[in-house]
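Worksheet: the structure to be examined is printed underneath.
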Amino acid sequence: MEAFSVLVGQASGETAADAKNIAAAAGAGYAYGLAAIGPGIGIGYLVGKSVEAMARQPEAAGMVRTTMFLGIAFTEALALIGFVVFILLKFA
């Protein structure tokens with residue numbers, strides 16, 4: 001990250017404080033990108049398996065759908081926690 005901020009700072013004539021802000025923004029963006037990967041994979045896996053379960057047993061589709069939406073909500077909470085950490089890193 002330090003090399004990134006040095007390169008950007010040299011290219012635009014930024015001061016040391018500006019370079020720190022650039023590095024903080026880049027680090028926070030990187031952290032949120034990593035935080036979004038897990039829930040994205042989890043939701044895709046969850047929905048795929050739920051559709052497979054509904055196709056195999058259509059009479060249980062209502063219960064499977066309810067459980068799927070609860071799982072999506074809990075998995076999406078992980079992405080929201082990552083977003084909060086992103087905001088804390090950005091503005092702290």
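Laboratory data are not the source of any read-out in this text; all were calculated from the coordinates shown. Quick caveat, the model's predicted, so the values are computed rather than measured. A quick note on method: Cβ atoms are made from the backbone with ideal geometry, for glycine too, and the neighbour counts reach across all protein chains shown.
A straight chain from L34 to K20 at 0.36 nm per residue would run longer than the Cα-Cα distance by 2.9 nm. Please give the net charge around V64, taking every other residue with its beta carbon less than 15 angstrom from that of V64, where Lys and Arg add +1 and Asp and Glu add -1. Net of charged neighbours comes to +1.
Applied to the range 60-65, the Karplus parametrisation 6.51 cos²θ - 1.76 cosθ + 1.60 on θ = phi - 60° returns per-residue 3J(HN,Hα) values of 9, 4, x, 5, 5, 5 Hz, with x for Gly and Pro. Sequentially through the range 37-42, phi angles give Karplus couplings (6.51, -1.76, 1.60; θ = phi - 60°) of 5, x, x, x, 5, x Hz, Gly and Pro residues having no value and appearing as x. Towards the positive end of the charge dipole of the range 2-91, with charges on Cβ (+1 Lys, Arg; -1 Asp, Glu), say which of V64, A24, G38 has the farthest Cα. Sorting the options by dipole projection puts first V64.
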